[in-house]
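Enquirer: I am attaching a structure below and will ask some questions about it afterwards.
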Amino acid sequence: MKKRVNIIVSGKVQGVWYRAYTKDKATELGLKGWVRNNLDGTVEIEVEGEEDKIIELINWCWKGSPASKVTDVKFKEKEYKGEFSDFIILY
């Protein structure tokens, strides 16, 4: 079943290539959406795809990039829209 989820990752997740690793993992899983840095130091991910693949990405978020130190991963389900054609990094 297709889902849409918003994920907020906290910790040392900016300046450690977290977004690039997230893009690679999401693409590997066949997910669509985006990842960006937030002003409060968190990383935000908006993702659509198969529920099992999204769960896999959420679990992966605890690891992230080799230099990251994740302290929290929060997520909430949203209405699936099917509006993304790729997974991109927002700047």
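Here, each number is a calculation from the coordinates, and none is a lab measurement. Just so it is clear, the structure is predicted and the values come from calculations on it, not from any experiment. Cβ sites come from the backbone with ideal geometry, for glycine too, and all protein chains shown count toward neighbours.
Enquirer: Taking DSSP loops as anything outside H, G, I, E and B, show the longest stretch in the chain free of trypsin sites (Lys or Arg not before Pro) there with at most 14 other beta carbons within 10 Å.
Expert: That gives 1-62 as the longest site-free run.
Enquirer: I'm spelling it out carefully: the read-out is mean projected area of the Cα convex hull in nm², the candidates are (i) 6.6; (ii) 5.5; (iii) 5.2, and one was derived from this structure. Which label?
Expert: (iii)
Enquirer: Run the numbers on region 2-79 and let me know its relative contact order in percent, using alpha-carbon pairs under 8 Å that are six or more apart.
Expert: 49
Enquirer: Calculate for the chain the 222 nm mean residue ellipticity that helices alone would give, adding -39,500 (n - 2.57) per DSSP H run of length 4 or more and normalising by residue count, nearest 500 deg cm²/dmol.
Expert: Result for the chain: -7500 deg cm²/dmol, rounded to the nearest 500.
Enquirer: List the GluC sites (Glu not before Pro) within the chain that DSSP assigns to loop and that have no more than 16 neighbouring Cβ atoms inside 10 Å.
Expert: Sparse-neighbourhood loop GluC sites (Glu not before Pro): Glu79, Glu83.
Enquirer: Go through region 58-70 residue by residue and turn each phi into a ³J(HN,Hα) via Karplus (6.51, -1.76, 1.60, θ = phi - 60°); whole Hz please, and just put x for glycine and proline.
Expert: Running phi through 6.51 cos²θ - 1.76 cosθ + 1.60 with θ = phi - 60° gives 4, 5, 5, 4, 5, 8, x, 7, x, 8, 7, 10, 7 Hz.
Enquirer: DSSP beta bridges in the chain, what fraction antiparallel, as a percent rounded to 5?
Expert: Working: 23 of 26 bridges.
For the chain, the DSSP antiparallel bridge percentage is about 90.
Enquirer: Something else about it: Could you work out the local net charge near Glu28, counting Lys and Arg as +1, Asp and Glu as -1, over the other residues with Cβ closer than 12 Å to its Cβ?
Expert: +1
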